[in-house]
Amino acid sequence: MSRLKLEGVTRRFGGLVAVDDVSFEVPAEGVTAVIGPNGAGKTTLFNLISGALPPSAGRILFEGQDITGLPAHKVATAGLVRTFQLVKLFEDLSVLDNVKVGCHLQGRAGLFAALLRPASARREEAAVDARARELLDFAGLSAFADEPASGLPYGRQRMLELARATAAGPRLILLDEPAAGLNTEESAALSRIIRRIADDGTSVLLIEHDMTLVMNTADRVVVVDFGRKIAQGTPAEVRADPAVIAAYLGTGKPSPDPAATQEAAHG
Ligand SMILES: Nc1ncnc2c1ncn2[C@@H]1O[C@H](COP(=O)(O)OP(=O)(O)OP(=O)(O)O)[C@@H](O)[C@H]1O
Ligand SMILES: [Mg+2]
């Protein structure tokens, strides 16, 4: 069984069809990327999967369970979490506490129940603290544990977001442009972290414009343009696909195939 299955998913905003009859499956293993030019409908697709928006038509199955139209908090507790195109952290909380909040999302007791049941909650709190510190270590953030999240440089804020999103041990994580604004070195570190998340058993669905990251990190790629799926396959297959190359021409964005972009630029 695939971890996620989309069947004819559609979303209209008035007359605009932002996501148009999209179907694909995300296997349990590895990293699946969604690419496409600006405005193609990628973030809207994530909003539909994560429950931020209901689809106008179609079905979304998570581990075989129909989650179509479920509210976001129910989708999250089912084990499907997301990050956002723009960083969203609890800025006034410490770096460590940001990750702890992520742990509590699926914590057995839950944050409020934990406050009401001090004895068992204390044991859980110790486990959460240990897990959160382990995640910070993994994300290279241990040295900043007690600093406010707002004080972190931008690249490290993105890493913290990732650590927080994985804290509850989700079975599927949606990452919306995690490499946006990162330098080459930070992107390479991010790629390693994403691989590791996938190797640890969390299926990853990744929206990304950074083609180096996509080509190096993704096992398979789904390409959308004007809301429609226009291609899917391995990174090598989609970068050679004429429909994909055509979709990227004239957008000012690097094509999945650098050679094609160069040819276009030179004539
Ligand atoms: N809440 C909304 N109301 C109306 N139109 C919307 C809404 N959200 C998105 N759209 C429109 O839907 C289309 C797809 O937008 P979306 O943000 O999904 O694209 P994207 O592929 O994520 O683009 P980018 O790469 O720039 O992030 C765009 O035309 C956008 O203006
Ligand atoms: Mg987007």
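The values are calculated or read from the model by the stated rules, or taken from the named source; none is laboratory data. Everything quoted here is computed from the prediction, not taken from an experiment. Here the Cβ is made from the backbone with ideal geometry for all residues, glycine too, and neighbour counts use every protein chain on show.
Restricting to region 204-214, name every residue that is away from ligand 2 (no atom under 16 Å from the Cβ) and modelled with pLDDT of 95 or more.
If the condition is that a residue be away from ligand 2 (no atom under 16 Å from the Cβ) and modelled with pLDDT of 95 or more, then V204 is the only one that fits.
Return a yes/no flag: does region 161-169 have any residue that is in a strand (DSSP E or B) and either touching a strand residue (DSSP E or B) at 6+ places or on another chain (Cβ under 8 Å) or among the β-branched types (V, I, T) (or both).
Of all residues in region 161-169, those in a strand (DSSP E or B) come to none.
No, because not a single residue in region 161-169 is in a strand (DSSP E or B) and either touching a strand residue (DSSP E or B) at 6+ places or on another chain (Cβ under 8 Å) or among the β-branched types (V, I, T) (or both).
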**Report entry** Enumeration of residues in region 159-178 that are farther than 13 Å from I49 by Cβ and within 15 Å of ligand 2 (Cβ to nearest atom)
**Finding:** E177, P178
**Report entry** Criterion violated by G51 - all others in (1) within 16 Å of ligand 2 (Cβ to nearest atom); (2) on the phi > 0 side of the Ramachandran plot; (3) under 15 Å from the mean Cα position of the chain (by Cα) satisfied
**Finding:** (1)
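Please state which one of A33, A40, A78 is out of contact with any Gly (no Cβ under 8 Å at 6 or more places or on another chain), small (G, A, S) and within 16 Å of ligand 2 (Cβ to nearest atom). I'd like the intermediate steps shown before the answer.
Values: A40 fails: out of contact with any Gly (no Cβ under 8 Å at 6 or more places or on another chain); A78 fails: within 16 Å of ligand 2 (Cβ to nearest atom).
Step by step, each of A33, A40, A78 is checked, and only A33 is out of contact with any Gly (no Cβ under 8 Å at 6 or more places or on another chain), small (G, A, S) and within 16 Å of ligand 2 (Cβ to nearest atom).
Does any residue of region 99-114 turn out to be modelled with pLDDT of 90 or more and either surrounded by 19 or more Cβ atoms within 10 Å (Cβ to Cβ) or not basic (K, R) (or both)?
We begin by selecting, within region 99-114, every residue modelled with pLDDT of 90 or more; these are 99-100.
When the remaining residues are screened for being either surrounded by 19 or more Cβ atoms within 10 Å (Cβ to Cβ) or not basic (K, R) (or both), the result is 99-100.
There is at least one residue in region 99-114 that is modelled with pLDDT of 90 or more and either surrounded by 19 or more Cβ atoms within 10 Å (Cβ to Cβ) or not basic (K, R) (or both).
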Query raised in the report: Which members of region 73-90 meet the condition of being farther than 15 Å from R3 by Cα and of a type in the set (A, V, I, L, M, F, W, C)?
Result: F84, L86, V87, L89, F90
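So, in region 41-92, how many residues would count as being near ligand 1 (Cβ under 9 Å from one of its atoms) and more than 30 Å from P153 (Cα to Cα)? Reasoning before the result, please.
Just the residues of region 41-92 that are near ligand 1 (Cβ under 9 Å from one of its atoms), to begin with: 41-47, 53, 85.
This time we only want the ones that are more than 30 Å from P153 (Cα to Cα), so: 53.
Of the residues in region 41-92, 1 are near ligand 1 (Cβ under 9 Å from one of its atoms) and more than 30 Å from P153 (Cα to Cα).
If you check R192, R158, which single one turns out to be more than 18 Å from K74 (Cα to Cα), in a helix (DSSP H, G or I) and over 13 Å from the mean Cα position of the chain (by Cα)? Before the answer, list the steps.
Working: R158 fails: over 13 Å from the mean Cα position of the chain (by Cα).
R192 is the lone residue from the list that is more than 18 Å from K74 (Cα to Cα), in a helix (DSSP H, G or I) and over 13 Å from the mean Cα position of the chain (by Cα).
Have a look at A236, A243, A180, A143 and point out the one that is in a loop (DSSP other than H, G, I, E, B) and surrounded by fewer than 20 Cβ atoms within 10 Å (Cβ to Cβ).
Working: A236 fails: in a loop (DSSP other than H, G, I, E, B); A243 fails: in a loop (DSSP other than H, G, I, E, B); A143 fails: in a loop (DSSP other than H, G, I, E, B).
The match here is A180.
For region 38-49, indicate whether the set of residues that are in a strand (DSSP E or B) and in contact (Cβ under 8 Å) with a residue 24 or more places away in the chain is non-empty.
Initially, region 38-49 is screened for residues in a strand (DSSP E or B), giving none.
Among the residues of region 38-49, not one is in a strand (DSSP E or B) and in contact (Cβ under 8 Å) with a residue 24 or more places away in the chain, which makes the answer no.
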Requested in this report: State the number of residues belonging to region 66-84 that are assigned to a loop (DSSP other than H, G, I, E, B) and either touching a helix residue (DSSP H, G or I) at 6+ places or on another chain (Cβ under 6 Å) or modelled with pLDDT under 90 (or both).
Outcome: 3
